[in-house]
Amino acid sequence: MRACALVVLLLLTAPRARAAEGASFLAVGAGARALALGGAYTALADDADAIYWNPAGLARVERREIAASHAELAQGSHHDFLAYAQPFPSGVLAGA
């Protein structure tokens, strides 16, 4: 009975482990400053990278900014990010 319960437990936990590994490329992130902080950047975002981490941070952009990042990932895939932020008296125009 114990062996049967162990097999059932292993079968139920195996698909979850594979699913977490399969989507790890989605957690790459953008911007050297944010990645150096381990992704803990949402409260600090005050530059063009804020459009990725926390768009509300764009309100603190004081000058025109361009941000670009490139990351080589496994199996020949890569992650590219390009953002632009332009402050105006009435708000900020940004795109990524």
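Okay, here's what the table says:
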| read-out | value |
| --- | --- |
| Difference of contour (0.36 nm per residue) and Cα-Cα distance, Asn54 to Ala36 | 4.8 nm |
| Accessible surface of region 24-96, 1.4 Å probe, proportion on carbon and sulfur as whole % | 58 |
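The values are calculated or read from the model by the stated rules, or taken from the named source; none is laboratory data. Owing to the predicted nature of the structure, the values given are computational and were not obtained by experimental measurement. The area values use the complete protein model at the heavy-atom level, side chains included, leaving out ligands, DNA and RNA. Shrake-Rupley method; radii C 1.70, N 1.55, O 1.52, S 1.80 Å.
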